[in-house]
Amino acid sequence: MAEELLVLNDASFCSHLTKSMLAVAFLSSFGSSMLYGFNLAVVNSPAQYIKTFYNETLREEYNWILDEESLTVLYSLTVSIFAIGGLIGAMSVGKLVTKFGRKGTLVRSSVLVFIGGGLMGLSKACREPTMVIIGRFIVGVHSGISLSVVPMYLGEIAPKNLRGFLALIPSIHICLGVFIAQVLGLHELLGKEEHWPLLMSLVVFPTLVQLMFLPWFPESPRYLLIEKGNTQATIAALKLFRARGNIQVEVEEMQEEQRSLSSIQTVSVCGLLKDRCVRWQVITIIVVNIGMQLSGIDAIWFYTNDIFENAGIPEPHIQYTTVGTGAIEVISGMLGCFTIERVGRRPLMIGGYLFMALCCAGITISALFQVHLAFLRYISVGCVVGIIGGFCIGPAGVPFLITAELFKQSHRPAAYTVGGCLNWLSNFTIGFVFPFLELATGPYCYLIFCAICLGVAVYTIFIIPETKNKTFMEISQMFASKNDVLEEELTSNGHLKMSQMNGYGTLGYHGIK
């Protein structure tokens with residue numbers, strides 16, 4: 001009888017994709033996540049025009065004459081300041097989502113896009129290079145916030161059987177943002193010298209669409225119930241997000257988590273790092289977030305044109321080759337989104353990183369021998385495309401998804417803060433260091449990326465469990481043995497009791513009445 005009841009409840013807990021869930025996923029991703037991808041790639045096409053603007057303006061206004069190395073440093077700062085802003089934004093996520101909620105944070109942070117986009121759009125007219133750098137920093141702050149908040153919001157509104165699908169929609173939009181930046185950066189469109197400020201300021205339009213429609217949708221039900229204790233608002237939100245299914249079962253699951261955290265407030269970053277009950281979850285988000293950025297994908301996004309030029313692609317063909325890689329990103333991202341709930345998180349992560357490692361090694365080998373064998377330059381381009389495809393199918397979105405899945409409500413904001421900070425620090429490191437690393441080591445720099453990809457794949461194989469179709473409570477219990485907190489107590493009447501601190505323990509049933 002108990003087993004039948006559990007199966008019934010589990011079936012009732014699964015739900016169908018509704019228009020409201022899909023609308024929230026697309027609105028939040030279109031106005032936030034897509035901007036991250038757009039800003040990653042938008043500086044690639046007008047790079048030479050921006051350098052010329054810097055050189056001319058500094059000479060006219062300040063009588064500074066920059067040599068090639070100084071100009072490279074200034075442009076690298078323009079590229080990587082976006083990641084510094086992202087780091088600042090990521091550090092503020094925990095406090096923002098606790099105070100304003102998930103949706104509330106997305107809506108309020110959108111003002112940053114209008115400020116940053118305006119500064120970049122007016123920089124050339126004002127003859128002020130610092131406006132480009134400050135604008136990149138401000139939109140970076142917005143991306144640092146939204147890159148964590150969007151998957152957190154979608155992960156909390158989704159039923160467990162759709163959590164992977166919804167959480168990868170932002171990943172598709174990141175790829176779409178990269179592709180749009182590459183297309184608009186073509187010389188036939190906005191890739192001319194006089195148009196680059198307009199190109200960089202286009203970020204305001206997707207955010208305007210988000211700001212018009214997202215406020216009409218409800219806040220995360222888990223936030224409303226577990227953190228705010230508002231049962232009525234929670235039920236109203238669930239009714240909008242669920243067309244069918246037993247809402248009561250889902251509310252009871254949230255209340256069970258709320259009871260296990262009844263004496264626990266939202267955990268700080270320091271508290272998260274000190275808590276032995278989530279030790280392996282923290283190590284996991286450290287590995288997957290650093291590994292995602294140091295896999296080499298950011299180097300390709302930031303410096304695509306330079307990479308293809310070094311590979312020997314004729315200059316007139318480079319911009320079209322770059323756009324082709326962007327299209328592959330979108331297709332690969334969609335493939336990952338529609339397969340993650342079928343094959344699971346682990347296979348996508350492992351397969352993606354192993355394939356990327358193979359392609360990184362391929363770039364090094366083809367670059368070493370293409371002087372003697374000209375056709376190898378096309379192998380090198382194929383390997384770049386392979387890295388992009390392998391990344392977008394799996395590693396692109398899964399780290400943000402499992403950061404939500406591995407932690408309960410009390411620990412999730414701090415976990416996203418840690419993961420986001422590491423993500424952006426790694427992003428900054430690649431954006432600033434890669435040009436100098438490539439000059440110093442040549443094609444051998446891709447062997448470093450190869451080793452990192454292999455390391456993350458091995459870690460995933462041995463440490464990270466499959467979280468597909470599991471509740472947040474069930475996932476936290478899967479790590480209990482690794483964290484050495486495998487203890488349980490049953491009350492005399494046979495009901496569930498969580499014996500471990502912070503609600504992380506094992507789940508024991510001894511009959512269900």
Here are some residues: R59, R127. Which one is surrounded by fewer than 15 Cβ atoms within 10 Å (Cβ to Cβ) and at pLDDT below 85? R59
All but one of (1) among the β-branched types (V, I, T); (2) closer than 29 Å to V251 by Cβ; (3) out of contact with any Ser or Thr (no Cβ under 6 Å at 6 or more places or on another chain) hold for I475; which doesn't? (3)
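When only residues in the stretch 23-71 that are free of Cβ contacts under 8 Å to residues at least 40 places away in the same chain and in contact with a helix residue (DSSP H, G or I) (Cβ under 8 Å, 6 or more places away or on another chain) count, which is nearest to E329 (Cα to Cα)?
First, pick out the residues of the stretch 23-71 that are free of Cβ contacts under 8 Å to residues at least 40 places away in the same chain: 48, 51, 55-56, 59, 62-71.
From the residues that got through so far, the ones that are in contact with a helix residue (DSSP H, G or I) (Cβ under 8 Å, 6 or more places away or on another chain) too are 51, 55, 64-66, 71.
Values: K51: 28, N55: 34, W64: 41, I65: 39, L66: 36, L71: 31 Å.
Across the stretch 23-71, the extreme among qualifying residues is K51.
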Among the residues of the stretch 66-73, is there at least one that is out of contact with any Phe, Trp or Tyr (no Cβ under 9 Å at 6 or more places or on another chain), open to solvent by 70 Å² or more (accessible area, probe 1.4 Å) and not in a helix (DSSP H, G or I)? yes
Pick out, from the stretch 172-268, the helices (runs of 4 or more DSSP H) lying fully within it that include 1 or more residues that are at pLDDT 85 or above and in contact with a Ser or Thr (Cβ under 7 Å, 6 or more places away or on another chain). 196-201, 204-213, 231-241
Are there any pairs, at least 6 apart or on different chains, whose C-beta atoms fall under 8 Å, with the first in the stretch 90-102 and of a type in the set (A, V, I, L, M, F, W, C) and the second surrounded by fewer than 17 Cβ atoms within 10 Å (Cβ to Cβ) and assigned to a helix (DSSP H, G or I), and if so, which? L96/R108; F100/R108
For residues that are polar (S, T, N, Q) and in a helix (DSSP H, G or I), scanning just the stretch 35-54, find the one that is surrounded by the most Cβ atoms within 10 Å (Cβ to Cβ). N39
So, first residue over 17 Å from V24 (Cβ atoms) and polar (S, T, N, Q) in the stretch 228-240, second residue outside any loop (DSSP other than H, G, I, E, B) and open to solvent by less than 80 Å² (accessible area, probe 1.4 Å), Cβ within less than 7 Å, six or more apart or across chains; the pairs are N230/L224; T231/L225
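Which of the following residues is closer than 30 Å to L225 by Cα and either touching a Ser or Thr at 6+ places or on another chain (Cβ under 9 Å) or touching a residue at least 24 places away in the same chain (Cβ under 8 Å) (or both): V139, V107, V113? Can you show your working first?
Numbers: V139 fails: closer than 30 Å to L225 by Cα; V113 fails: closer than 30 Å to L225 by Cα.
Only one candidate qualifies: V107.
I'd like to know if the stretch 340-351 contains one or more residues that are among the charged types (D, E, K, R), closer than 20 Å to A404 by Cβ and either without any contact (Cβ under 8 Å) to a residue 24 or more places away in the chain or in contact with a Leu (Cβ under 6 Å, 6 or more places away or on another chain) (or both).
Quick first cut of the stretch 340-351, residues among the charged types (D, E, K, R) only: 341-342, 345-346.
If we keep only those that are closer than 20 Å to A404 by Cβ as well, we get 341-342, 345-346.
If we keep only those that are either without any contact (Cβ under 8 Å) to a residue 24 or more places away in the chain or in contact with a Leu (Cβ under 6 Å, 6 or more places away or on another chain) (or both) too, we end up with 342.
Looking through the stretch 340-351, at least one residue is among the charged types (D, E, K, R), closer than 20 Å to A404 by Cβ and either without any contact (Cβ under 8 Å) to a residue 24 or more places away in the chain or in contact with a Leu (Cβ under 6 Å, 6 or more places away or on another chain) (or both).
Restricting attention to the stretch 419-449, which residues are of a type in the set (F, W, Y) and surrounded by 18 or more Cβ atoms within 10 Å (Cβ to Cβ)? I'd like the intermediate steps shown before the answer.
So in the stretch 419-449, the residues of a type in the set (F, W, Y) come out as 424, 428, 432, 434, 436, 444, 446, 449.
Matches in the stretch 419-449: W424, F428, F432, F434, Y446, F449.
The values are calculated or read from the model by the stated rules, or taken from the named source; none is laboratory data. Everything numeric here is computed off the predicted structure, so don't read it as measured data. Every residue, glycine as well, gets a Cβ built from its backbone with ideal geometry; the counts of neighbours run over all protein chains shown. Just so you know, the surface numbers come from the protein's heavy atoms only, side chains and all, with ligands and any DNA or RNA stripped out. Shrake-Rupley method; radii C 1.70, N 1.55, O 1.52, S 1.80 Å.
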